[in-house]
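Participant: Mind looking over this structure? Questions follow.
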């Protein structure tokens, strides 16, 4: 009497073959083979003559290039090293057969009684779900780590672009440096003699220019001074007692050729003042009659 279901034992259906490994009870040596279900039997075909010679002795009922096991004598287990294989054990010869295909279990469900395989089928499905879930978690964690790393790198690059002078400096060191700079600025401002407003705008080579050119250049530089001081007060919150004197070299077209601090108001203030001054250029061309380039000193408070 056939053990399997009629749908699986029809003779006109060509059995599908699955890659497998055969382990003999005595040697335990893995032998590559192909398995298929035909009627009540599990057929094992050798991949080549060498493999057939090795496992022929595992079963007395060898026919041609294949050997067979009764399905009713096989114990079915789900699992395997990758969690998606079917393990069959022959109760007579203790031979173990591992099929590397989850689809093979579907054919077993048709060929074997439901109670013989039901529990193992559910167990194997759960193992596949666990494997897929673990892989999904690994990919999610990996993607999260990559995103966090990219966020940190991007943040560091943006911070460095805005604070180029703070690389490798701790918060406490930065505060100490700012405090020392502030104290140094205060001492410098107190020790420098104040420049009189009468000399707020001075320039070289005035004696070689006409009175009209001198008046025009004084008005030109004074207008720049007033405009620069207005912008500068937006950036410098702490008043500079004696101000800062900036020395400029201006070309005929009004382009800034050079700039430096002639009288300091402290390192922090000097940097801000120079930045505001340089951002104010280019100016209008120098007035007519003014020799270029012109070198001038301007007091900014």
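The values are calculated or read from the model by the stated rules, or taken from the named source; none is laboratory data. None of the values given here were measured: they were computed from a predicted structure. Cβ: placed from backbone, ideal geometry, glycine included. Neighbour counts: every protein chain shown.
Participant: Do any strands (runs of 3 or more DSSP E) entirely within the range 1-119 hold 1 or more residues that are touching a strand residue (DSSP E or B) at 6+ places or on another chain (Cβ under 7 Å) and modelled with pLDDT under 80, and if so, which? Before you say what the answer is, go through the steps one by one.
Facilitator: Working: elements: 18-23, 30-38, 41-46, 66-70, 74-79, 85-90, 96-99.
Output list reads 18-23, 30-38, 41-46, 66-70, 74-79, 85-90.
Participant: Counting just the residues of the range 229-261 that are assigned to a helix (DSSP H, G or I) and touching a helix residue (DSSP H, G or I) at 6+ places or on another chain (Cβ under 6 Å), which one comes out nearest to residue 194 (Cα to Cα)?
Facilitator: 232
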